[in-house]
Structures are given as C-alpha cells and as structure tokens.
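The values are calculated or read from the model by the stated rules, or taken from the named source; none is laboratory data. Keep in mind that this is a model prediction, so the values were computed, not measured. For neighbour counting, all protein chains shown are included, and Cβ atoms are generated from backbone atoms with ideal geometry for every residue, glycine included.
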C-alpha cells in the first residue's frame, strides 16, 4: 500500500516544482479574492485559482495525497457552506435594508472601499470564492476518480480502486 | 406580495445547499425538509393568485438591476410548478428509498424547482437564461441518476442537445442585446415596437424558436425526449414531462412571442407555430402507439400534447390562448399522474415493459384505477379536465377558420386514447397474460401523491364551470399574454 502511494502521481521534478508553486498559487488566489471588489470577476476568478492549487497538487502527488489533503465530501460541504453564507447575506439585505441583495453592512456603496471598511460585497465574494473553488475541485476529483469500463457489452461507471 | 417573490427561488436553493450539510448524520432530514419546502412554496404560489407587481432586486432600478415580475401567467406557472412539485416530493419519500443517495436527489430536485420558479418570475432575458441552465444541469444529473447504461446514454444525449439549445438561445440573447441595448423584457418590447423588425432581430427570433423548440421537444427537435424522460426516476420523469418542457419551452416561447416580439411585429410567426404544433401533435401521437416501454409511450404522448398547446398558442385568439394555457395546466396534472402510475408499476414489479406485465389490476387496484383516471383525462373523456381543454382548443380552431386543425385535434385525441388503452390493457387489465406474482400495492405516501393529482383532474374541471372568471387562474394568464404590449408596457406586464 505505502509503495503504491509513493509511486503515485508524477515524477520527482513535477512533484518538487509543485511543492514550491502550490503555496504561491493559493496565495495569488487569496489575493484576488481579497481584492475582488477592484478586479473584474472578483471571487469567481480567485476561487478558480485556489481550486487550481488543489488540482495541481492532486495531479502531481496522486489521488490519495489529494484526497488526504481535502476529501470530496468535505469540499462539497464547504461549497454548501459558501452557498448558504451567500444566501444568508442576501436575505440579511432583505431583512435590514428592505431589498434582497442590498448592502446590509455599509451605507450602500458597494465597490471601491478599503478592506477594513464594512461592506457586504466582501461577504459575497468570500462566499463565492469558497463555492467556486470547492465545486471546481469536487468536479475534478469526481471525474478523475471514476472511469468507465465495458462489461458484457454495457458501459459501467466504476470508482477507481484504492489499492 | 412582491417582497416575497424572491423567496420562490431563495427557499428551495437554500434547502438544496442545506441538505448535504446535515443529512450525512441525520438521514431523515432530506425527506422532511424537501416536503416542507414544497408545501410552503405551494401555499405561497396559491397566495399569488390575483396579485401583480414588480420587485427590484437590491433596490436598483429596471435599467441597472434585475426585476422579478408577477402577473397572471407567472401565477399560473407558479401554481403548476409548485403543486406538481409537492406531489413529486411526497411520492419521492418512499419511491426514492430504492436508490442509494437520497440527499443528492433532493438537492438536485430543489435546485430544479428553484430554477423553474426563477424562469417564470424573472423579467430579464439573461437571467432567464441563467435559471434555464440551472434547470438544465439539474435535469441532466437527475436523468443520469440511476447510473446505469441507459440512464447515462439518455443523459448524455439530453446534455448534448440541451447545450445546443442553450447555445442558440444565448446567441439570440446576445444579438438582441447588441441591437436593443437592454436585457429587460418589458424594455425590449417597447424598443422593438418603436424600431420594428430587421434582419438581426429576425435571426435572433429564429434562434429562439429553434432553441426553445428544442427545450419544449417540438418535432423535429424532439430526439432527446423519448430517451431522457423514461430514464429518470419516476417523480423526475413526471416533473420533466409535466412541468419542465412547459416552463423552459412553452412558457418562454409564449412570453417572447406574445409579449416581447408581439404578433403584430411578426405576423407569420403564428402560422409557423401552428405548423410545429400540428406536426408534433400527429407524429408524437402516432409514435406513442408503437411503444412497449410504459414511460416511453407516455413521453411520446407528451410530445403530442405539447403539439395541442402550441396549436392553441398559434391561433393567437383569446379562446385559443385560453385552451392552450388550460391544456398546459391540465396536461401537467394528468401526465404527472400517469408517470407516477408507471413509477408505481416499476416499483412493484421491477419492470415497465408492457410485454412482461399483465393483470396488475387485481394486485394493484388503486394504481390501476388511478391509471384509468389519468388515461381518461389525457384522451379527453368528459367530465375530466382534459376534455374541456381539448374542446376549447377545437372550438378555437373552428372559430378562427382552421377546420382542418380542429379535425386533426379530434382525430389525435382518438389516437391518444388508443395509445393509453394499449398501456392499460397490457399492464393492468389483460387477464390472458400471466399475472405478475410478487406485485403488491405501493406504499401509502406514493398512493397519496397519486390521489392528490387524481383529485386535481376533477377539481380543474370546476375552472370551466366558473367560466374562467376571476379569481381563477386562466383568465389573468390570457390577459397577460394578449394585453401586455398595450400602453402599460414598460412599467410592468400589463399590470
């Protein structure tokens, strides 16, 4: 089992470079999310880059290492949490300001403000980044963990064996 | 009431994302939550009857933000979607127990409901596209839910053709936006009325006809439906055939044709609709007779019934629209009922192949009676609801000078009767075939869902007795379609 895990993934060069890069990629994703109010795309672009960090790690180190870092179930649950935070923020707008999606923290000026000023757009973007990053990772891990075989003339979906 | 409109989308979406969080430990949550959500939504839908209004998301105006609009047609669709959805949620509790992952099922189901409610509420064309994609992607996943060979193949076919349709629609929206500079449907109508037609707008209209025709499974765009609808679990088949093709196809088509483009602008459009309608009606009905798979037979019959609705819309007269919208409502009810019957038969016997079934009326008397009732309703036997809506469509055909369409509608009603009698005979009443031994009547909640729909088949007849006057559903919907482009356009759908 342990030999198999060691042999999983790509070669040493890819593993080493991924080891150096993954943190920076993740950090760049976080940077984009935190500056999402000033950049086009915002939380979505940042979320995708965060997901890329996880996907790159999984590709380089193999599926088991990737799943150990972040399992599909946890990722899917985090995505649900993100979606619920988003929904709660929009409903809070409806309750406090009388309109769904209204900025319920600041004075209603969504957009160019410093991070430390309170503004609901950060909550939207953080939630969106969580949803996007985790869902992209879930889609990647589900599609890579399942392969289709032909048995008795019929195609069947099989989960990859763990050892 | 306007402030509550957004909750038609927010509540099911919230529940859809809440279910995966809790249901790994609490197994009873998905069933209870989905049923509670659907009950609340159905109650809210009935409260919208007689109401109208516009809600601006985020408080931004029509030019900047997204509008939700409530008028007669929206109310009719909301009531249809959420009532049928409630019956499906009740049916799912025991039916879906044989599948492994109820939590994923209910999440997708609630996403589907949220998307459907969004389609009928939004007043913004691009937003409509987004909601349509939510519906489409949830349906692809739900069709593939069984993960067997047939399900995956059907889902793949559905996904490919659905994506083609979505691409057509998106290009059409982009063209319109480039020319008119707005995505709000009410503003579009005003600008179109002022500017008239030109070639790009005609191209956009053609793309919409193909795209939404594919979503509505009109012949010749129907290839995905007879595979996709039988492959899904029974409640989802019922929802797809009963509600989804009507919301994503017929509702949007009628909204665009009657409210945005308006008939005065494109006079030939109605004859194109009538052509599509009559071809779907005839071909779908004839193809249904040859089927041996119970659900496939019903799926082809859906194409035929969609043909009736499109013929009614294509007449463009108030009587034709009344018939079309009433038939849309009726068809959702009895087609869902018939799909649930097929689901119950499959649940009890493990097969839906009519050649292997037989004599089930003695083993499953309740299901057999419900199937008989649904079959009578779909083939237009009085006093059930299907008779009245077909009668109105036939009368409307004669009134507007299309006796051949009326004849086709009557003849195809008989053909529908032949198809459903074949289903009844082979599944339930043929005593000469060996009775399926192990079959027993289905559990209580499944019977409750069927009974609810069967009762609706009778209750909807009462709409005719009131002469479609207020506060019933149909007249405000017809008004919304026929009177929108009047002087009030731009400040709300004929409110």
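Where residues in the range B:63-76 are in a loop (DSSP other than H, G, I, E, B) and away from chain A (no Cβ under 14 Å), which of them is farthest from residue A:101 (Cα to Cα)?
B:71
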**Prompt:** Going through the range B:1-42 one residue at a time, which ones are in a loop (DSSP other than H, G, I, E, B), more than 8 Å from chain A (Cβ to nearest Cβ) and touching a helix residue (DSSP H, G or I) at 6+ places or on another chain (Cβ under 9 Å)?
**Reply:** B:1, B:5, B:23, B:27
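Residues are listed down the side, and each one gets a yes or a no for (1) buried (at least 18 other Cβ atoms within 10 Å of the Cβ); (2) over 29 Å from residue B:152 (Cα atoms); (3) within 14 Å of chain B (Cβ to nearest Cβ); (4) modelled with pLDDT under 80:
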site: A:104; (1), (2), (3), (4): yes, yes, yes, yes
site: A:116; (1), (2), (3), (4): no, yes, no, yes
site: A:131; (1), (2), (3), (4): yes, no, yes, no
site: A:136; (1), (2), (3), (4): yes, no, no, no
site: A:144; (1), (2), (3), (4): no, no, no, yes
**Prompt:** Within the range B:23-43, restricting attention to residues that are surrounded by 15 or more Cβ atoms within 10 Å (Cβ to Cβ) and over 21 Å from the mean Cα position of the chain (by Cα), which residue is nearest to residue B:82 (Cα to Cα)?
**Reply:** B:33
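Among the residues of the range B:355-373, how many are outside any helix (DSSP H, G or I) and closer than 14 Å to residue B:339 by Cα?
Selection size over the range B:355-373: 0.
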**Asked** Considering only residues of the range B:139-157 that are without any contact (Cβ under 8 Å) to a residue 60 or more places away in the chain and assigned to a helix (DSSP H, G or I), which is farthest from the other protein chains (Cβ to nearest Cβ)?
**Response** B:140
**Request:** Would you confirm whether any residue within the range A:7-24 is free of Cβ contacts under 8 Å to residues at least 40 places away in the same chain, within 15 Å of the chain's Cα centre (by Cα) and buried (at least 20 other Cβ atoms within 10 Å of the Cβ)?
**Result:** no
**Asked** Can you tell me which residues in the range A:54-93 are over 16 Å from the mean Cα position of the chain (by Cα), farther than 30 Å from residue A:10 by Cβ and crowded, with 21+ Cβ neighbours inside 10 Å?
**Response** A:90, A:93
**Prompt:** In this structure, is residue A:51 within 14 Å of chain B (Cβ to nearest Cβ), under 30 Å from residue A:14 (Cβ atoms), within 18 Å of the chain's Cα centre (by Cα) and part of a helix (DSSP H, G or I)?
**Reply:** no
**Complete:** Apart from one, (1) within 13 Å of chain A (Cβ to nearest Cβ); (2) in a helix (DSSP H, G or I); (3) surrounded by fewer than 17 Cβ atoms within 10 Å (Cβ to Cβ) all hold for residue B:46; the odd one out is (1)
**Prompt:** Can you find even one residue in the range B:77-97 that is more than 22 Å from residue B:336 (Cβ to Cβ) and in contact (Cβ under 8 Å) with a residue 60 or more places away in the chain?
**Reply:** no
**Request:** State yes or no: is residue B:236 in contact with a helix residue (DSSP H, G or I) (Cβ under 8 Å, 6 or more places away or on another chain), farther than 30 Å from residue B:446 by Cα and either surrounded by fewer than 24 Cβ atoms within 10 Å (Cβ to Cβ) or in contact (Cβ under 8 Å) with a residue 24 or more places away in the chain (or both)?
**Result:** no
**Prompt:** Name the residues in the range B:257-276 that are in a helix (DSSP H, G or I) and in contact (Cβ under 8 Å) with a residue 60 or more places away in the chain, would you?
**Reply:** B:258, B:259, B:260, B:261, B:269, B:272, B:274, B:276
